[in-house]
Amino acid sequence: MEIWIRNDRPERIDEERLRRRLGSALSASGCEPSTELSVWLCSDADIQELHRTYFGLDSPTNVISFSQREGEAGAMDPAVLGDVVVSLDTAAREAEEAGWPLEDMVFYLCLHGLLHLLGYDHEGAQAHRAAEMEARQEELFQRIRRET
């Protein structure tokens, strides 16, 4: 697995640990060893810009994913899964509210984005699958968090 992480606040997140955790999630999800994933840990301002540009929503959010396997170019390189973008500002607020370490919240949000890239959904026409996605996210999170 090739996992790239761009961390705008490197002092706050152990990138190697996050990379190991995401690699475990990819393996547990049946991804090939050649699978590639990109993660950007950014600010509320950065994710708000993406949210506005690509979804027409002018507000920050916690996580956005961009599949590289959809659309006309989706078959160009099947090893490239896509990109997950997490706002560290929002993750920090949500971690505090939940009483979790920031690293666990970032991993949890990355898992959410990763599951979207793997075809899980909980919105629109797929709203009926929300419980399935939530259960898979929770199962992976609990198992991998204990292991790493």
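Where a number appears in this text, it was derived from the coordinates with a stated rule and is not lab data. Note that this is a predicted model, so its numbers are computed, not measured. Note that we place each Cβ from the backbone using ideal geometry, even for glycine, and neighbour counts take in every protein chain shown.
For segment 2-147, what's the relative contact order in percent, using C-alpha pairs closer than 8 Å and at least 6 residues apart?
Value for segment 2-147: 22 percent.
How fast does segment 2-147 diffuse by Stokes-Einstein, in µm²/s, taking the Kirkwood radius from C-alpha pairs at 37 °C and 0.692 mPa s?
Details: Rh = 15.6 Å.
Estimated via Stokes-Einstein, D reaches 211 µm²/s.
Taking amide H positions as placed in the peptide plane 1.01 Å from N, state which residues far from residue 80 in sequence (5 or more) or on other chains have amide H under 5 Å from it.
Here 36 satisfy the definition.
Which GluC sites (Glu not before Pro) in segment 1-107 pass both tests, a DSSP loop state and at most 16 other beta-carbon atoms within 10 Å? Let's see the in-between values first.
Values: sites: 2, 11, 15, 16, 36, 49, 70, 72, 94, 96, 97, 103; in loops: 11, 70.
The qualifying sites are 11, 70.
Mind putting a number on the dipole of the chain about its Cα centre? Charges go on the C-beta only, +1 for Lys and Arg and -1 for Asp and Glu, and I need it in Debye to the nearest 20.
So the magnitude is around 360 debye.
Output ³J(HN,Hα) for segment 6-22: one whole-Hz value per residue in order, computed from phi by the Karplus curve 6.51 cos²θ - 1.76 cosθ + 1.60 with θ = phi - 60°, and x for Gly and Pro.
Here the 3J(HN,Hα) series is 9, 10, 6, 9, x, 6, 9, 10, 7, 4, 5, 5, 4, 4, 4, 4, 5 Hz.
Can you compute the modelled spin-label distance between residue 100 and residue 16, with each label point 7 Å from Cα toward Cβ, in nm?
2.4 nm
Would you be so kind as to identify which of 5, 67, 24 lies farthest towards the positive end of the dipole of segment 2-147, taking Lys and Arg as +1 and Asp and Glu as -1 on Cβ and the Cα centre as origin?
Toward the positive end, the furthest listed residue is 24.
For the chain, what is the calculated [θ] at 222 nm in deg cm²/dmol (nearest 500), taking -39500 (n - 2.57) for each run of four or more DSSP H residues and dividing by its residue count?
-15500 deg cm²/dmol
Rounded to the nearest 0.05, what FRET efficiency is calculated for residue 2 and residue 121 with R0 set to 30 Å and r the Cβ-Cβ distance?
Once rounded, the FRET efficiency stands at 0.75.
Of all DSSP beta bridges located in the chain, what percent are antiparallel, nearest 5? If you can, show how the numbers build up before the last one.
Details: 5 of 18 bridges.
In the chain, approximately 30 percent of DSSP beta bridges are antiparallel ones.
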